[in-house]
1. Hey, which of these cross-link pairs are over 28 Å Cα-Cα: 137/359; 120/300; 101/132; 62/460; 132/156; 156/359?
2. Work out how much length residue 461 to residue 220 would gain on full extension: take 0.36 nm times their residue separation and subtract the Cα-Cα distance, in nm to one decimal.
3. Which shape class, rounded, prolate or oblate, goes with the chain when its Cα gyration tensor gives a ≥ b ≥ c as root eigenvalues, a/c under 1.5 marks rounded, and past that a/b bigger than b/c marks prolate?
4. Can you compute the modelled spin-label distance between residue 40 and residue 271, with each label point 7 Å from Cα toward Cβ, in nm?
5. Tell me, how many Å apart are the Cα centres for the stretch 78-135 and for the stretch 365-388?
6. Describe numerically, in nm with one decimal, the distance between label points set 7 Å from Cα along Cα→Cβ at residue 280 and at residue 394.
7. Could you do me a favour and compute the accessible area per residue for the stretch 86-204, 1.4 Å probe, result in Å²?
8. Roughly how many Å is it from the Cα centre of the stretch 234-273 to that of the stretch 402-423, as a whole number?
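The values are calculated or read from the model by the stated rules, or taken from the named source; none is laboratory data. Predicted model only: the values in this text are computed from it and were never measured. Because the Cβ atoms are built from the backbone with ideal geometry, glycine has one as well, and the counts that use them run over all protein chains shown. Ligands, DNA and RNA are excluded from the accessible area calculation, which covers all protein heavy atoms including side chains. Shrake-Rupley method; radii C 1.70, N 1.55, O 1.52, S 1.80 Å.
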Amino acid sequence: MAATALAHIMGKLPSFSITLVESEAIGTVGVGEATIPQIIGFNRMIGLDEMEFMRETRATYKLGIEFVDWLRLGHSYVHPFGTHGIDMLGIEFQHFWIRGKALGDTASIDEYSIAAMAGKAGKFDWPRPDTKSPMAKLAYAFQFDAARYAAFLRKKAEAAGVRRIEGRVVEVEQESETGHVAALMLDNGTKVEGELFVDCSGFRSLLLGQALDVPFSDWSHWLPCDSAVAVPCTLGGRNEPLTRSTARSAGWQWRIPLQHRIGNGHVFASDHLDRSEATDLLLANLDGEPLAEPNQLSFKAGHRARAWEKNVVALGLAAGFLEPLESTSIHLVQSGIARLMSLFPDKSFSEVEIARFNKETEREYSDIRDFLVLHYHCTERDDSDFWRYCRNLEMPDGVLEKIEMFRRSGRIFRENNELFTEASWLSVMLGQGVVPLTHHPVARLLDETETLNRLAHIRKVIEQTAQQLPTQDQFLQQRGGAMSPRERLSA
Ligand SMILES: Cc1cc2nc3c(=O)[nH]c(=O)nc-3n(C[C@H](O)[C@H](O)[C@H](O)COP(=O)(O)OP(=O)(O)OC[C@H]3O[C@@H](n4cnc5c(N)ncnc54)[C@H](O)[C@@H]3O)c2cc1C
């Protein structure tokens, strides 16, 4: 992603050259398949054709995440992309929904989201932003084969002039005076010199963590899951355009349906469950036949204290990791690239610009952390030590205020342009059982009958619109995004 984007935007500058060093022997982390809507902007920025991308990466659409058993066993809700209902009388929709509840409306907030309803019905179409249709309120993302995405981007990067070298970095040379990285030594004897190094070496954090020794801020007391086991399986079950997250006794299981297979994984806390039990639980809960040996992974929640140090900028896992509960890691790569572009250095490596990069990166990580912690903390589950730990953990400051404000009056404020919008907080707070006591007084300007009638009308229009959409399969076939029947057979 970094090489392609840098080549696309910066590569046109005279005397600008990009070298990509990768090691097939080491390979990539091999997981990471669900995204959030911002990826559409990234793909457009690097000039990808959406249907070519869908075919090449065997992608499906994603309209949100279905959370199963998170509040209590047997309960589920959707965190959809896009927004709910219609704002009325100058206030947000949720206030009318809260009032409707008090008046006896039993519909869940999901029924007021076109993305949730289309997702559950297995339907998909592109948003229609300039219309009065509920489709104006829909947003979408992709679920794709990450290895195929990397290979696809590699071709694009090389076509845009990136020089790719296969080899393993075995030594990092630093300038004696400044400590800046001067060159990488590869196992085949090649020396790669450069002025700016983008560390995309994954959990190893080869340059930032190892060579420059930037410490890791550990957030595992807030996010205790530290392990995962992943396995793809054949297609089976319902394959709606939704990622599914099912809470388990010491973590949760993901299910990401692609065109040719389903990606599955079990994220868990090793203090509460051992690896073999976690693997058995995953294998017992697949909708198809396993297609590979389970891939075992370990990690720690948190991030490097500074993602940019001297002449090294770390992206992706080299910069930090937050579990994939809300599919944010690929987005963090993308936003890191965007920040690097806007603060692209000259040879002086201005401390002010580096500090700004680090401040914004830290804020983005902590905003996402807060949103993730919400899922764990607000739950009725107390059926395992893990859930009891999560219910009782001390929350980061900002989250408590948000929850308290919502619980009192249904109000939600988005801080500093944080990644997750009011609509996301609304879905997850309600889904996790945070129920507002009251609503904005303006919602009472509609009388009781009018409130219930309007709510019923909005629900009906959303339901009808969702039913009229093509299925995801039809959409992919009609638009040219489906893999060919021959590829399907050999997949
Ligand atoms: C369990 C799990 C589930 C995830 N699910 C999601 C998800 O659903 N959505 C999402 O957005 N993200 C997810 N992620 C995160 C996502 O996988 C990563 O953000 C993404 O794949 C980017 O990884 P990366 O490029 O930073 O690291 P890697 O994929 O590990 O790539 C590191 C690269 O560095 C190279 N390298 C390393 N050492 C050397 C060396 N010495 N010499 C030469 N080359 C070297 C490797 O060969 C490789 O090419 C998940 C992560 C985990 C652990």
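1. Check vs 28 Å cut-off fails for 137/359; 120/300; 132/156; 156/359.
2. Taking residue 461 through residue 220 to full extension adds about 82.4 nm, to one decimal.
3. Prolate, since a/c reaches 1.5 and a/b exceeds b/c.
4. Inter-label distance under the simple model: 4.0 nm.
5. Using only Cα atoms, the two centres lie 25 Å from each other.
6. Inter-label distance under the simple model: 3.7 nm.
7. Result: 48 Å² per residue.
8. 28 Å
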